[in-house]
Structures are given as structure tokens and as C-alpha cells.
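Report on the following structure.
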Amino acid sequence: MDAAAAIDPSVPPSGTGCVECLALGGWWFHLRRCAACGHVGCCDSSPAQHAQGHAGATGHPVIRSFEPGESWFWDYTREQAVAGPELAPPAHHPLDQPAPGPRGRVPADWRSRLH
């Protein structure tokens, strides 16, 4: 699938944190946003790697960073960075939200739990 075909710039993000981690009481290192449907999941370094799991389960291969100051896209199928358009706001999680997050759920030994 062409990367441009896997991107819908009109879809807003699903929320401010990883959908699955929030539902399951987990935590994340960094956040990624599905460029097709807006699903926000945790990055490949996070313990649960929900963004990549979402890509595999849905066939939505392109993600965009959901971190402040970052605007890069990644295509899991081609395993490379790709170009992409501006997406519907917001472009990142709230500035007062810590990384790793969410606040109060990150274990003291979080660094040793990263992939």
C-alpha cells in the first residue's frame, strides 16, 4: 500500500494517551498516532508496543509521532520513514503530560522495562 493511501489527514487523534494502556492500567514511554484512523498507541520501546500491534491488527501501516516537537511519519510495512501531510489537531499529547506517562503509573524502574 502506498503511504499516502494509508493516511487520512482529517481524522483527529483518539485521545491524549495510549488507548490500550489507559484501559488496562499500563504506562508508555512515547506515543504514536495512526495516520489512518487516529488511534493513539504506545511506541515500540514501550513495554506493550500497542501502536505496532494496532498496525498489524488493522492493516494501518503508517504512524506519526504524537510527541511535542516531532512531526515524523513511519511506515511499518516498509520499515522506513515516509513523508506525510499535516494531520487534524492536536499534533501531540498535552504539554503537561509527562513522558513516560501517564503520571502516577510509571514504575520507578521504567528504564529497565523498555524494549
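Of all the numbered requirements in (1) in contact with a helix residue (DSSP H, G or I) (Cβ under 6 Å, 6 or more places away or on another chain); (2) open to solvent by less than 20 Å² (accessible area, probe 1.4 Å); (3) within 16 Å of P90 (Cα to Cα), R32 misses one, and that requirement is (2). Can you name every residue in the stretch 4-44 that is in contact with a Cys (Cβ under 9 Å, 6 or more places away or on another chain) and of a type in the set (S, T, Y)? Passing the criteria: only S14.
Run down S10, S46 and say which single residue is closer than 25 Å to D109 by Cβ and assigned to a loop (DSSP other than H, G, I, E, B).
S46 is the lone residue from the list that is closer than 25 Å to D109 by Cβ and assigned to a loop (DSSP other than H, G, I, E, B).
Of the strands (runs of 3 or more DSSP E) that lie entirely inside the stretch 49-90, those containing 1 or more residues that are of a type in the set (V, I, T) span 62-65, 80-82. Could you tell me which of the residues A57, A48, A83 is surrounded by fewer than 23 Cβ atoms within 10 Å (Cβ to Cβ), aliphatic (A, V, I, L, M) and over 23 Å from H115 (Cβ atoms)? Selected residue: A83, the only one of A57, A48, A83 that is surrounded by fewer than 23 Cβ atoms within 10 Å (Cβ to Cβ), aliphatic (A, V, I, L, M) and over 23 Å from H115 (Cβ atoms). Is it true that some residue in the stretch 90-106 is closer than 17 Å to A3 by Cα, open to solvent by 20 Å² or more (accessible area, probe 1.4 Å), hydrophobic (A, V, I, L, M, F, W, C) and at pLDDT 95 or above? No - not one qualifying residue is present in the stretch 90-106.
Checking each residue in the stretch 1-29 for being in contact with a Pro (Cβ under 8 Å, 6 or more places away or on another chain), within 12 Å of L87 (Cα to Cα) and open to solvent by 30 Å² or more (accessible area, probe 1.4 Å) picks out P9, P12. Selection over the stretch 40-93 of residues that are without any contact (Cβ under 8 Å) to a residue 12 or more places away in the chain and in contact with a Phe, Trp or Tyr (Cβ under 7 Å, 6 or more places away or on another chain) gives a count of 1.
The values are calculated or read from the model by the stated rules, or taken from the named source; none is laboratory data. What you are looking at is a predicted structure, and each value in this text was computed from that prediction instead of being measured. Here Cβ is always computed from backbone atoms with ideal geometry, including for glycine, and neighbour counts include all displayed protein chains. Just so you know, the surface numbers come from the protein's heavy atoms only, side chains and all, with ligands and any DNA or RNA stripped out. Shrake-Rupley method; radii C 1.70, N 1.55, O 1.52, S 1.80 Å.
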